[in-house]
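Derivation of every value follows stated rules applied to the coordinates shown; laboratory data play no part. Everything numeric here is computed off the predicted structure, so don't read it as measured data. Don't worry about glycine lacking a Cβ; one is built from the backbone with ideal geometry, like all the others, and counts go over all protein chains shown.
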């Protein structure tokens, strides 16, 4: 109802002050004892008009109350206006569909997330970006955006060469037949072990040169479109194993399917050609045989885009990715979610592209997050081979959920991870505590899943005997009013979450909503009394809102717990 209240207040401002054109009514949620919303429009008007804010507030409050609208107004302090929604209006909200404002209606969004690299272990950071990216995409899609989900990964580059070097050592050369003996259920682990071996070997002088030479051969496989040589067969087979593993994990996580996978090899040529072209235009420059972009003029730093061997770096490929996405989609906004260690790297890349292609840079929003850690744990590193893997986190949640609460539903365990990640604000380090995440009595995914199951069971017990003709003359009791008050915030919470790309706002709201409902249920018996009609209507509305909250952050809707 926030939007309806704001519009009604704007109308009264225009009626009372027709010459004042800068009407912008902003409402904040307030403590329940003060009403439902607080507004400082009188104070803003007074500042620009040189008037007394209390006088303006008194006039507005009187106009609202005289008009007998669906809310009342009361002046507080130097000129704040506290708004209280009438019981009739709160009760009528329970029979209305959500008023999705569609803040992104008609806009085309790209959301790029997950981005695991083939040939490397998939760590907890990838798990985080996968789940948070899925939630962000769901939220902006609910807010009206036409969303395309993008997954970008490095299928060429030094990390691939390191893995391939170790793979060839393990196979005793380009032995395609021996590669086929690796069992299907061990392929992901086997590839991860090879990456660690290759990465460690790269520190040795002789191996480093071998890996560097192999890196060039892998680029040649792509440039020559080689599918038949033994080296190419090994490369393409292992690459396929990686993608098969990613897809199986996405299925287990229950995330919405990606619309497009963009491998680095697809954008490498465009990135390389563009950097060379813009080198002639002075955007990039040569330095010790390499091509660099000097970002110091933009308060950044210098990065290499083509190395001394003439190969494109991650930066050049990123240029190709940006241009590919822009050429193919002409989006209104591109959201990219990565670890914060890539923040400055992306700033340099975007700054360089902005010198010759402004639109995609201006429409890009790069969200970054910190390190994913176990509670009390240390930072893990795939470089050292002691990563906290995505599978480690999932299996930990499953075992803890079953051992502690007897839940063996994988949807509950995965939901506990999704909620644990989503409730933390995007940007800082992410602390994951398996025990807290599966706790059915705290701020957790399973708690909310159970809250929904419980509400549905109440509706089921009520059967089909409830009338939908609710009398508008029935005044709400305190607990009925509290839950109705909380429910009517849903639309504005989703709006704010979409605008700020903040799934944590929905998590906070859903948890608070469930707590308010519990107090309502404990103090206002729902079934078999004279207020059953009203209270079942409230329970149904609560159920629909809580279910929508869970869907927006990707939690399964379970039928029993």
Checklist outcome for this item: Burial-style ranking of 121-129, 193-201, 102-110, average other-beta-carbon count within 10 Å with highest first, yields 121-129, 193-201, 102-110
Checklist entry - Measuring from centroid to centroid over Cα atoms, what is the spacing of the range 124-142 and the range 15-37 in Å? => result 34 Å
Item to check | Using alpha-carbon coordinates, inclination of helix 532-552 to the longest axis of the chain, degrees | outcome: 20 degrees
Item to check | Extended-chain gain in nm, criterion 0.36 nm per residue less alpha-carbon gap, residue 429 and residue 224 | outcome: 69.5 nm
Item to check | Fully extended contour minus Cα-Cα distance, from residue 532 to residue 247, at 0.36 nm per residue | outcome: 97.8 nm
Checklist entry - Order of 525-533, 323-331 by packing, highest average Cβ count within 10 Å first? => result 323-331, 525-533
Checklist entry - Can you give me the relative contact order of the chain as a percent, contacts being Cα pairs under 8 Å and 6 or more apart? => result 16 percent
Item to check | Between 0 and 90°, nearest 10: helix 343-353 axis offset from the chain longest Cα axis | outcome: 80 degrees
Checklist entry - How big is Rg to Rh over the range 2-85, alpha-carbon atoms, Rh as the Kirkwood inverse-mean-distance radius? => result 0.92
Next on the checklist: Roughly how far apart, in whole Å, are the Cα centres of the range 492-554 and the range 169-194?
Outcome noted: 51 Å
Checklist entry - Over all Cα pairs of the range 249-367, how is the pair count split among 10 Å bins, expressed in % and running from 0 up to the last occupied bin? => result 13, 44, 32, 9, 2
Item to check | On Cα atoms only, tilt of 205-223 relative to the major axis of the chain in degrees | outcome: 70 degrees
Checklist entry - For the range 86-183, what does the alpha-carbon gyration tensor say about shape, rounded, prolate or oblate, given a ≥ b ≥ c as the root eigenvalues, a/c under 1.5 as rounded, and a/b over b/c as prolate? => result prolate
Checklist outcome for this item: Here, residue 51 and residue 341, labelled 7 Å along Cα→Cβ, have an inter-label distance in nm of 5.8 nm
Checklist entry - What do the square roots of 5 times the Cα gyration tensor eigenvalues come to for the range 410-552, in whole Å, largest first, as semi-axes of the equivalent ellipsoid? => result 30, 17, 12
Checklist outcome for this item: Taking Cα pairs closer than 8 Å and at least 6 residues apart, the relative contact order of the range 2-85 in percent is 27 percent
Next on the checklist: Restricting to DSSP H runs of at least four residues, report the calculated mean residue ellipticity at 222 nm for the chain, -39500 (n - 2.57) per run over all residues, nearest 500 deg cm²/dmol.
Outcome noted: -17500 deg cm²/dmol
Next on the checklist: What's the ranking of 436-448, 254-266 by average number of surrounding C-beta atoms within 10 Å, highest first?
Outcome noted: 436-448, 254-266
Next on the checklist: Can you tell me the length gained on complete extension of the stretch residue 16 to residue 205, counting 0.36 nm per residue apart and subtracting the Cα distance?
Outcome noted: 60.0 nm
